[in-house]
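Right, one structure below, let's go through it.
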Amino acid sequence: MNGNVFAMTGVAMAAMMITGCATAPTVREVALDRAPITSKLEPQDVRRTVEKMAESLLSAPGVREAVGGTRPVLDVEPLKNRTTQHVDMVSVTDSLRMQLLRSGMFRFVDKATSGTDIEFMDAQANLGLTDQKKAIRPGQQSAAQMYLTGALSEIKNQAGRTVDQYYKFSMTLKDLRTGELVWADEQEIRKESVKPRMGF
Amino acid sequence: MKKRNRMLWTAALAVGLTGLVGCVETAGTVVTTDHQTGSTLVLEDSTRLKGQVQVQKVNYDEVNGLKRVHITLASTRHRRLRLHYRISWFDANGMEIDPDTKTYRTLILEGRDSVTVTGVANSAAGVTSKLRVRDLEAAD
């Protein structure tokens, strides 16, 4: 009789341990370059792409020719997202601009914040708070000599339980004056995921 | 008594195996190259990786005023290897330059094949490169 009670208690305790009583998820910090968990585009893919593109651009002979001894003014256009996924392309271009800026090879302007520049200049000129001798007036900003642009595209194939996903980042650097493409490169990423035989 | 001992041994073995399976070695091979003196130091911290990959050749040059390193890795195995590598850069004072921007990249090495990986310093201040190779399993 006692044995049965002990056995039942043991089974109940084991069941509780297996199912788990805790409702809070386990959270921990992981390395930025973690192993892939899906076949979708993941942060580590974007990081690798930005690093590869920055290295390629900084070491390209064509860029050296175009740059010469000067530090040309560059603008970075957000990449076009031609995939079915939502990817923050502005964040990708921000990361690339940051890496290029740190190299010291280029100077940058940012067309995306021009509206804010006008607001500031307008406020300095019209609100009466700023010393007018020190106020920044429009018409003095540097002009972009080159701009960086690009796109992200994907090809997705599914065969049975296997999903094959291919991504391609392509980027170009264009000289605004001559219209020539100074640099272009691609980064390809291919991922495969296999669904389990059982489960939902 | 004999049966009980056998059960105890089996349980101990199971616990031991579980412990072993849970351990992933994150140590790897490190190749440090000083671009000023030309000296290269290879440290093989993982015996497992040491038996799979060998550092064959290290070359370095300069492009657009930035240091560049080329390291040839060769597989000693007949099967495909999946590895991770990262090339980081240090200035003349030994300080790492932008450590967060240098990422681990995937390297798929075919059996008995060799591949050259290249890294470019992201700043003209970078004078020492460090390649770190690790097993793909070491990634979280």
### Query
Roughly how many whole Å is it from the C-alpha centroid of segment A:167-200 to that of segment A:93-137?
31
### Query
Buried accessible area for the A:B pair, summed, 1.4 Å probe, in Å² rounded to 100?
1900
### Task
Consider a paramagnetic label point 7 Å from the Cα of A:LEU129 along Cα→Cβ; state which residues of segment A:97-122 have an amide N under 14 Å from it.
A:119-122
### Query
With each label point set 7 Å from Cα along the Cα-Cβ vector, what nm distance links A:VAL30 and A:ASP94?
2.3
### Message
Per-residue counts of other Cβ atoms within 10 Å, averaged by peptide: what ranking do you get for B:54-65, A:156-167, highest first?
### Response
B:54-65, A:156-167
### Message
I'd like to check one number: the per residue accessible area of the protein assembly as shown, probe 1.4 Å, reported in Å² as a whole number.
### Response
63
#### Entry: Simple Cβ-charge dipole of chain B, Lys/Arg +1 and Asp/Glu -1, about Cα centre, in debye nearest 20
1140
### Task
Could you tell me whether segment A:1-120 comes out rounded, prolate or oblate from its Cα gyration tensor? Rule is a ≥ b ≥ c as square roots of the eigenvalues, rounded for a/c under 1.5, then prolate if a/b exceeds b/c, otherwise oblate.
prolate
### Summary
In chain A, taking the dipole from +1 charges on Lys and Arg beta carbons and -1 charges on Asp and Glu beta carbons about the Cα centre, the listed residue (A:MET105, A:VAL11, A:GLY150) farthest towards the positive end is A:VAL11
### Task
Evaluate peptide B:117-126: per residue, the Cβ atoms of other protein chains within 10 Å of its Cβ; return the mean as an integer.
4
### Task
Could you work out, residue by residue across A:173-183, how many beta carbons of other chains sit within 10 Å of that residue's beta carbon, and then give the average as an integer?
0
### Task
Only helical DSSP H runs with n ≥ 4 go in: add -39500 (n - 2.57) per run for chain A, normalise by residue count and round the 222 nm mean residue ellipticity to 500 deg cm²/dmol.
-11500 deg cm²/dmol
### Query
When you count, for each residue, the other Cβ atoms within 10 Å and take the mean per peptide, how do A:187-196, A:32-41 rank with the highest first?
A:32-41, A:187-196
## Note on the structure
Under the rule rounded for a/c under 1.5, else prolate if a/b exceeds b/c, else oblate, using alpha carbon gyration tensor axes a ≥ b ≥ c, segment A:60-144 is classed as oblate
### Task
Could you work out the local net charge near B:GLY119, counting Lys and Arg as +1, Asp and Glu as -1, over the other residues with Cβ closer than 10 Å to its Cβ?
+4
### Message
How large is the Kirkwood hydrodynamic radius of chain A, counting all unique pairs of alpha carbons, in Å?
### Response
21.7
### Query
Counting every Cα pair in segment A:93-200, what percent are over 20 Å apart?
64
### Task
Leaving ligands, DNA and RNA out of it, report the carbon-plus-sulfur percent of the accessible area of the protein assembly as shown at a 1.4 Å probe.
55
### Heavy-atom SASA rank of A:PHE120, A:PHE6 (probe 1.4 Å, accessible area, largest first)
A:PHE6, A:PHE120
### Query
Most mobile of A:THR70, A:THR172, A:THR130 per a Gaussian network model of chain A (Cα springs, under 10 Å)?
A:THR130
### Query
Of all DSSP beta bridges in chain A, what percent run antiparallel (nearest 5)?
80
### Message
So if I place +1 on the C-beta of Lys and Arg and -1 on the C-beta of Asp and Glu, and nothing else carries charge, what would the dipole magnitude of the protein assembly as shown be about its Cα centre? I want it in debye, nearest 20.
### Response
1620
## Note on the structure
In degrees rounded to 10, the 0-90 angle between helix A:2-19 Cα long axis and the longest Cα principal axis of chain A is 10
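Are any of the pairs A:LYS80/B:LYS67; A:LYS40/A:LYS195; A:LYS80/A:LYS174; A:LYS52/B:LYS130; A:LYS40/A:LYS174; A:LYS40/A:LYS80 more than 21 Å apart by Cα-Cα distance, and if so, which?
From the list (A:LYS80/B:LYS67; A:LYS40/A:LYS195; A:LYS80/A:LYS174; A:LYS52/B:LYS130; A:LYS40/A:LYS174; A:LYS40/A:LYS80), the Cα-Cα distance tops 21 Å for A:LYS80/B:LYS67; A:LYS40/A:LYS174.
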### Task
Could you let me know the centre-to-centre spacing of segment B:42-81 and segment B:96-133, using Cα atoms, in angstrom?
9
### Query
From the Cα gyration tensor of segment A:131-180, with a ≥ b ≥ c the square roots of its eigenvalues, which class applies: rounded if a/c is under 1.5, or else prolate if a/b is larger than b/c, or else oblate?
oblate
### Inter-chain Cβ neighbour average for residues B:78-87, partner chain, 10 Å
1
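Of all the Cα-Cα pairs you can form in segment B:26-138, what percent are over 26 Å apart?
16
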### Query
When the gyration tensor of the protein assembly as shown is built from Cα positions, what are the square roots of 5 times its three eigenvalues, in whole Å, from largest to smallest?
49, 30, 21
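The values are calculated or read from the model by the stated rules, or taken from the named source; none is laboratory data. Keep in mind the model is a prediction, meaning the values are calculated, not measured. Cβ coordinates were reconstructed from backbone atoms using ideal geometry, including for glycine residues, and neighbour counts include every protein chain displayed. For accessibility, only protein heavy atoms count, side chains too; no ligands or nucleic acids. Shrake-Rupley method; radii C 1.70, N 1.55, O 1.52, S 1.80 Å.
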